[in-house]
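Notes follow once the structure below has been shown.
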Amino acid sequence: MNQPENLTIGELRKFLEKLASDPKITDETKVFLDTGWDSIQEINPDALSIEDARTFKIEDPLTHEFFGGYSLLEKAEKMNAEGPVEKVLIIRNLY
């Protein structure tokens, strides 16, 4: 099954610690999301939250290969999610 790697809070903390020593990075430095399009996407200040999620797997109908992912708890049943509930950091980017 193909499962992409996830950034962890620990890795994020280490990255933020490195930024603290860079004088070019201030409290006013903006944060964006690169989705691969020509422009980068703004992230609203209230976009961060801690929520519950579960893993699911889905089969590619052409290759019959399975891919793993995560779904928020309120959508977990729809995605046939299984496994334990995990706390995750969500960055909401709803356009």
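The values are calculated or read from the model by the stated rules, or taken from the named source; none is laboratory data. Owing to the predicted nature of the structure, the values given are computational and were not obtained by experimental measurement. Cβ atoms come from the backbone with ideal geometry, glycine included; neighbour counts cover every protein chain shown. The area values use the complete protein model at the heavy-atom level, side chains included, leaving out ligands, DNA and RNA. Shrake-Rupley method; radii C 1.70, N 1.55, O 1.52, S 1.80 Å.
Points to keep in mind about this one:
- Label positions at ASP34 and LEU19, each projected 7 Å from the Cα along the C-beta direction, are separated by 1.5 nm.
- Percent accessible area from carbon and sulfur atoms, the chain, protein chains only, probe 1.4 Å: 56 percent
- 3J(HN,Hα) along the range 17-27, derived from phi through the Karplus expression 6.51 cos²θ - 1.76 cosθ + 1.60 where θ = phi - 60°, amounts to 4, 5, 5, 4, 8, 9, x, 7, 9, 10, 5 Hz, with x in place of Gly and Pro.
- With protein chains left intact and a 1.4 Å probe, residues in the chain average 88 Å² of accessible area per residue.
- Area of ASP27 that stays accessible when all protein chains are in place (1.4 Å probe, Å², to 10): 150 Å²
- Net charge contributed by nearby residues that have their C-beta within less than 14 Å of ILE25 (K/R +1, D/E -1): -1
- Residue order for THR8, THR55 - accessible surface, 1.4 angstrom probe, largest first: THR8, THR55
- Overall, the range 33-95 carries a charge dipole of about 160 debye about its Cα centre when +1 sits on the Cβ of Lys and Arg and -1 on the Cβ of Asp and Glu, all other atoms neutral.
- When both bridge partners sit in the chain, DSSP labels roughly 95% of those beta bridges antiparallel.
- Accessible area in the full protein assembly, largest first, 1.4 Å probe, for ILE9, ILE90: ILE9, ILE90
- A simple count of charges around ASN44, restricted to other residues whose Cβ falls under 13 Å of its Cβ and scoring Lys, Arg +1 and Asp, Glu -1, yields 0.
- Within the chain, the percentage of alpha carbon pairs spaced more than 15 angstrom apart rounds to 74%.
- Mean separation of Cα contacts under 8 Å (6+ apart) over length of the chain, as relative contact order %: 30 percent
- Counting lysine pairs in the chain whose alpha carbons fall under 29 angstrom apart, excluding pairs fewer than 8 residues apart on the same chain, gives 11.
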